[in-house]
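All remarks here apply to the structure that follows.
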């Protein structure tokens, strides 16, 4: 997974790599009703998540030729005390059923897991790791935790605990919003002169 382009570009703010993107100074005038700090938080959360996942992805591919998502699926199956269903795997990995199926297909072809008949319902399947799959996840997990510790070393233990509390609040809010009907995106935008649209307008019939 390549490092994604800076999400800050969505609000017209370019930022050097590794720095927090800012919104433009006239953001509030351009987007009436929007909150600049909320936008900066949202951008930075998304960008940080992308960077963290990209680093695990980079190392998992370099070491085992696996994606971060595939490694996560192995960890989910490994963490279950008994064979687990594809639906539960998709839910815990936060991926679609189609994506989970594709990942499971890849891992099964690699000989890292197997699909087995459900013990109570022969029409369903459950997933279990093979010996090779267990051997790989026993290497991946310690490596991932070392990366986590290295990245988070920039924060003090108190700051890490505070970050966990704040992220939990954001996750609860996001879950609430996600439970609501999807309203169409739309609103008012006052296009600023700095974009120079008037200079580049194309006549249409």
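The values are calculated or read from the model by the stated rules, or taken from the named source; none is laboratory data. Please read all numbers here as calculations on a predicted model, not as lab measurements. Because the Cβ atoms are built from the backbone with ideal geometry, glycine has one as well, and the counts that use them run over all protein chains shown.
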Original post:
How many residues are more than 15 Å from the chain's Cα centre (by Cα) and at pLDDT below 80 when one looks only at region 3-51?
Top reply: 15
**OP:** Would you be able to say whether some residue in region 75-95 is surrounded by fewer than 16 Cβ atoms within 10 Å (Cβ to Cβ), farther than 22 Å from residue 54 by Cα and touching a helix residue (DSSP H, G or I) at 6+ places or on another chain (Cβ under 6 Å)?
**Re:** no
**OP:** Of the numbered conditions (1) surrounded by 10 or more Cβ atoms within 10 Å (Cβ to Cβ); (2) over 24 Å from residue 70 (Cβ atoms); (3) without any contact (Cβ under 8 Å) to a residue 12 or more places away in the chain; (4) over 17 Å from the mean Cα position of the chain (by Cα), residue 189 fails exactly one; give the number of that condition.
**Re:** (3)
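Out of curiosity, is residue 149 over 16 Å from residue 83 (Cα atoms), at pLDDT 95 or above, more than 23 Å from the chain's Cα centre (by Cα) and assigned to a helix (DSSP H, G or I)? Give the derivation first.
Values: over 16 Å from residue 83 (Cα atoms): yes; at pLDDT 95 or above: yes; more than 23 Å from the chain's Cα centre (by Cα): no; assigned to a helix (DSSP H, G or I): yes.
Criteria not met by residue 149.
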**OP:** Name the residue, out of 144, 154, that is over 22 Å from residue 75 (Cβ atoms), assigned by TED's automatic domain parsing to the domain that holds residue 75 and within 24 Å of the chain's Cα centre (by Cα).
**Re:** 154
Original post:
Would you pick out the residues in region 96-138 that are assigned to a loop (DSSP other than H, G, I, E, B) and either surrounded by 15 or more Cβ atoms within 10 Å (Cβ to Cβ) or in contact with a helix residue (DSSP H, G or I) (Cβ under 8 Å, 6 or more places away or on another chain) (or both)?
Top reply: 96, 110, 111, 112, 130
